[in-house]
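Peer 1: Quick one: structure below, then a few questions.
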Amino acid sequence: MFNLYRIKSLRAYLGRKPLEQLVHSLVMSHLDYCCTLLYGLPDCSLARLQRVQNSAARLILNRRKFDSATQSLEELHRLPIKFRILFRLLCLAFKCVNGTAPRYLCEYFIYSTTGYSLRSGPTFTVPRTRTRRHGDRAFSVAGPREWNKLPLNIEACTSLITFKGKLKTHIFALAYQ
């Protein structure tokens, strides 16, 4: 948050594009760092991070404090924190499914073996956990569960770039509908 105050004092000397790059490098990079660990946290725990993201969006667009943050984020084509975490989790899951992630992460994705063929394509086994509070947040559970919820056209992507593009479009539609 301190970086936002420092950047705000420079806003008069910068154009929108350099300001956006500065906010991204100094503020948004901190929000993205290890954000998949935040998957499954309640909204009240993510609210502080969301407020930082909202302030950053208002700063870039030169909006007042009480202007709509949702419109600012949508105009900048940014995902809210909760959906940003989901995006990062699914990108890591894509790497696991395609074998480009470390082996210890890829081992969490086990194809479900049913006796009949499914039209929806292959799914992954989601392990059971004893505790909903912490066990369901683990990557071994959350990764396969969220991957199984994806539409087939996104699952079928072969390159990471096309996957990220389609996934962001899908999640953006979920976030701002």
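Peer 1: Return the residues of the stretch 71-81 that are in a helix (DSSP H, G or I) and either crowded, with 17+ Cβ neighbours inside 10 Å or aliphatic (A, V, I, L, M) (or both); say none if nothing qualifies. First the steps, then the outcome.
Peer 2: So the first thing to find is which residues in the stretch 71-81 are in a helix (DSSP H, G or I), and the list is 71-75, 81.
Hits for the stretch 71-81 are Ser72, Leu73, Ile81.
Peer 1: Right, something else. Out of the stretch 147-171, which residues are open to solvent by less than 20 Å² (accessible area, probe 1.4 Å) and within 14 Å of Tyr39 (Cβ to Cβ)?
Peer 2: Scanning the stretch 147-171 gives Trp147, Ile171.
Peer 1: How do the pairs read when you match residues in the stretch 133-145 that are assigned to a helix (DSSP H, G or I) with residues anywhere that are open to solvent by less than 30 Å² (accessible area, probe 1.4 Å) and β-branched (Val, Ile, Thr), using Cβ under 9 Å and keeping only pairs 6 or more apart or on different chains?
Peer 2: What qualifies is Gly135/Val141.
Peer 1: Six or more apart or on different chains, Cβ atoms under 8 Å: show the pairs whose first residue is in the stretch 89-103 and in a helix (DSSP H, G or I) and whose second is open to solvent by 10 Å² or more (accessible area, probe 1.4 Å) and of a type in the set (D, E, K, R).
Peer 2: Hits for this filter: Leu89/Glu146; Leu90/Glu146; Cys91/Lys164; Ala93/Glu146.
Peer 1: Tell me, please, whether a residue that is within 30 Å of Val141 (Cα to Cα), open to solvent by less than 80 Å² (accessible area, probe 1.4 Å) and of a type outside the set (S, T, N, Q) can be found in the stretch 49-68.
Peer 2: The answer is yes, given that some residue of the stretch 49-68 is within 30 Å of Val141 (Cα to Cα), open to solvent by less than 80 Å² (accessible area, probe 1.4 Å) and of a type outside the set (S, T, N, Q).
Peer 1: Six or more apart or on different chains, Cβ atoms under 6 Å: show the pairs whose first residue is in the stretch 149-177 and over 14 Å from Phe83 (Cβ atoms) and of a type in the set (Phe, Trp, Tyr) and whose second is in a helix (DSSP H, G or I) and open to solvent by less than 70 Å² (accessible area, probe 1.4 Å).
Peer 2: From the stretch 149-177, the pairs are Phe163/Phe94.
Peer 1: Checking Phe109 against (1) open to solvent by less than 60 Å² (accessible area, probe 1.4 Å); (2) modelled with pLDDT of 90 or more; (3) of a type outside the set (A, V, I, L, M), only one condition comes out false. Which one?
Peer 2: For Phe109, the exception is condition (2).
The values are calculated or read from the model by the stated rules, or taken from the named source; none is laboratory data. Just so we're clear, the structure is a prediction, and the values are computed from it rather than from any experiment. Methodologically, a virtual Cβ is constructed for each residue, glycine included, from the backbone with ideal geometry; neighbour enumeration extends over all protein chains shown. Only protein heavy atoms, including side chains, enter the accessible area calculation; ligands, DNA and RNA are left aside. Shrake-Rupley method; radii C 1.70, N 1.55, O 1.52, S 1.80 Å.
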